[in-house]
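I have placed the structure first, in the form of structure tokens, so that the comments after it can refer back to it.
The values are calculated or read from the model by the stated rules, or taken from the named source; none is laboratory data. In this text, all values refer to a predicted model and were calculated from it rather than measured experimentally. All Cβ positions, glycine included, derive from the backbone under ideal geometry; neighbour counts span all protein chains shown.
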Amino acid sequence: MTGFKNLLLAFTVLGASTAAFASDDNFASLTFGQTSDKVKKSHALNDNLNHPNADGVIGKDNTWGVRLGQQNSQGRYYATYDNVSGSHNGIKLRQENLLGSYDLFYPVGGSTKLFGGATAGLTKLTQDSPGFSRDSDIGYAIGGQMGVLQQVSQNTSVELGYRYLRSNASTEMSERGGSKQGSLDLTSSAQTYLSANYAF
């Protein structure tokens, strides 16, 4: 229940932030990219599972997302939800992000802009490995993004971006009906993505 309250709080904060842009254009986006995570393993997990490669669990895995926000000629506010999952060495993880972001624009041509900004929000990490009890945790996420935005028409644009996040989400691995084998801590994630944006 605490995780759900955190999600509601994030939406409330984002709503208050985007209200400041009420006179500007709304926009919605679909994103697709690849995410790679850095995961720290506990000593117990290394000993019990023979040093599994946790960084390879989510490593350049496909990531889908949606965004909604407001923008003007100087910058934009937006909320993002995206998710990615992967498995490796008998470990299966799923990462979901609920984020609020702000970007500043830097025009470099008539229809091309560079952008860069900051992001903060929540990350949910779920462990659902075969033979282990399912476990999940919600932690903070903070980081930034940069990229290039290309206007295609008056209402549509595409972008290529890179986002880096630090997080503290952690999940345990316990055998079904057995003992705890150790824990996995998500420390950071990096995503390269493409986005299609529509202003309305």
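Overview of values
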{"quantity": "Tabulated pairs, segment 105-129, first within 15 Å of Val158 (Cβ to Cβ), second among the hydroxyl-bearing types (Ser, Thr, Tyr) and part of a strand (DSSP E or B), C-beta under 8 angstrom, 6+ apart or interchain", "calculated": "Lys113/Tyr106; Leu114/Tyr106; Phe115/Tyr106"}
{"quantity": "Contacts under 9 angstrom Cβ, first residue in segment 142-163 being farther than 21 Å from Thr119 by Cα, partner among the aromatic types (Phe, Trp, Tyr) and not in a strand (DSSP E or B), 6 or more apart", "calculated": "Asn155/Phe200"}
{"quantity": "Residue count for segment 174-186, restricted to those that are surrounded by 15 or more Cβ atoms within 10 Å (Cβ to Cβ) and either among the β-branched types (Val, Ile, Thr) or at positive phi (or both)", "calculated": "1"}
{"quantity": "Single match in Ser133, Ser153 (criterion: under 27 Å from Val57 (Cα atoms) and of a type in the set (S, T, N, Q))", "calculated": "Ser133"}
{"quantity": "Residue within segment 94-106 that is buried (at least 20 other Cβ atoms within 10 Å of the Cβ), within 24 Å of Leu30 (Cβ to Cβ) and of a type in the set (Gly, Ala, Ser) present", "calculated": "yes"}
{"quantity": "Of all residues in segment 34-62 being out of contact with any helix residue (DSSP H, G or I) (no Cβ under 9 Å at 6 or more places or on another chain) and among the polar types (S, T, N, Q), the one that is surrounded by the most Cβ atoms within 10 Å (Cβ to Cβ)", "calculated": "Thr35"}
{"quantity": "Gly147 vs. criteria assigned to a strand (DSSP E or B) and in contact with an Asp or Glu (Cβ under 6 Å, 6 or more places away or on another chain)", "calculated": "yes"}
{"quantity": "Any hit, segment 67-79, residues being under 16 Å from Leu186 (Cβ atoms) and either modelled with pLDDT under 95 or assigned to a strand (DSSP E or B) (or both)", "calculated": "no"}
{"quantity": "Filtered residues of segment 144-163 (kept if hydrophobic (A, V, I, L, M, F, W, C) and surrounded by fewer than 19 Cβ atoms within 10 Å (Cβ to Cβ))", "calculated": "Met146, Val148, Val152, Val158, Leu160"}
{"quantity": "Asp55 being part of a strand (DSSP E or B) and of a type in the set (Asp, Glu)", "calculated": "no"}
{"quantity": "Test: residue in segment 131-140 that is touching a residue at least 24 places away in the same chain (Cβ under 8 Å), under 21 Å from Leu194 (Cα atoms) and either part of a strand (DSSP E or B) or of a type in the set (Phe, Trp, Tyr) (or both)", "calculated": "no"}
{"quantity": "Close pairs from segment 179-199: first modelled with pLDDT under 95, partner surrounded by fewer than 17 Cβ atoms within 10 Å (Cβ to Cβ) and among the aromatic types (Phe, Trp, Tyr), Cβ under 6 Å, at least 6 apart", "calculated": "none"}
{"quantity": "Count - residues of segment 26-66 that are among the basic types (Lys, Arg) and within 14 Å of the chain's Cα centre (by Cα)", "calculated": "2"}
